[in-house]
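To start, the structure under review is shown below, and the notes come after it.
The values are calculated or read from the model by the stated rules, or taken from the named source; none is laboratory data. The shown structure was predicted, so the numbers you read here are calculated from the model rather than taken from an experiment. Every residue, glycine as well, gets a Cβ built from its backbone with ideal geometry; the counts of neighbours run over all protein chains shown. Keep in mind that these areas ignore ligands, DNA and RNA; they rest on the heavy atoms of the full protein, side chains included. Shrake-Rupley method; radii C 1.70, N 1.55, O 1.52, S 1.80 Å.
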Amino acid sequence: MNLMQEAPNVVSEDGLRTLLAQGHSADAVCRVTPKRTGAQWSGVWTVHCVSPDGETRRLLVTVRNNMAAREFKTINGLSSFLAGLGVSIVSIPMLEGKIASHHLYDEG
């Protein structure tokens, strides 16, 4: 299945990697304000791939699970995922509705 043709508003992890290399950004969106439990922060975040001109947004989905939105439930899970994509500076939104944008080649 070609996700780009059959579902243009979503992207797989492999598709996200390809688009990031072409200059797109990975936006982390806070869906549920996190709460601290012990040493861990738990909430809900999703990732969206945004075109350089900001015109196109694609939701990161799990291909295995009928293209359901891929949700990250912990800060550790989200930051590990973004670092695995090659993002060198990770920013985590901590309030529902807030967004943090990430690029592969951020200087810092």
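Hey, any idea what % of the stretch 23-69's accessible area is carbon plus sulfur with a 1.4 Å probe? Could you put the intermediate results ahead of the total?
Numbers: 1260 of 2540 Å².
About 50 percent, which is the carbon plus sulfur part of the accessible surface.
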Virtual spin-label span in nm between residue 91 and residue 76, 7 Å along Cα→Cβ
2.5 nm
Provide the net charge surrounding residue 30, with neighbours chosen by a C-beta distance below 10 Å and charges set as Lys +1, Arg +1, Asp -1, Glu -1.
+1
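Please work out the average accessible area per residue across the stretch 26-108, using the 1.4 Å probe convention, and give it in Å².
Numbers: 4800 Å² over 83 residues.
Accessible area per residue, the stretch 26-108: 58 Å².
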Just 39, 26, 83 to compare: in a GNM of the chain, with alpha carbon springs under 10 Å, which one fluctuates most?
39
Among 38, 25, 15, which residue has its Cα positioned farthest towards the positive end of the charge dipole of the stretch 4-108, with +1 placed on the Cβ of Lys and Arg, -1 on the Cβ of Asp and Glu, and the dipole taken about the Cα centre?
38
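Based on Cα coordinates alone, diagonalise the gyration tensor for the chain, multiply each eigenvalue by 5, take square roots, and list the semi-axes in whole Å, largest first. Kindly include the intermediate steps, with their values, before the conclusion.
Values: eigenvalues 100, 55, 29 Å².
Working from the Cα gyration tensor, I get semi-axes of 22, 17, 12 Å.
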Nearest 10 degrees, 0 to 90: helix 75-85 Cα axis against the chain principal axis:
30 degrees
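What is the magnitude of the charge dipole of the chain about its Cα centre, with +1 placed on the Cβ of each Lys and Arg, -1 on the Cβ of each Asp and Glu, and no other charges, expressed in debye to the nearest 20? Please report the intermediate quantities before stating the final value.
Details: 10 positive and 10 negative charges, 102 e Å.
About 500 debye.
Provide the percentage of antiparallel DSSP beta bridges, counting only those with both residues in the chain; round to the nearest 5. Spell out each step's value before the answer.
Numbers: 21 of 23 bridges.
If we restrict to bridges inside the chain, about 90 percent are antiparallel.
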Spin-label pair residue 39/residue 63, simplified geometry with 7 Å Cα→Cβ offset, distance in nm
3.6 nm
What is the gain in length, in nm to one decimal, between residue 51 and residue 98 on full extension, counting 0.36 nm per residue of separation less the C-alpha to C-alpha distance?
15.1 nm
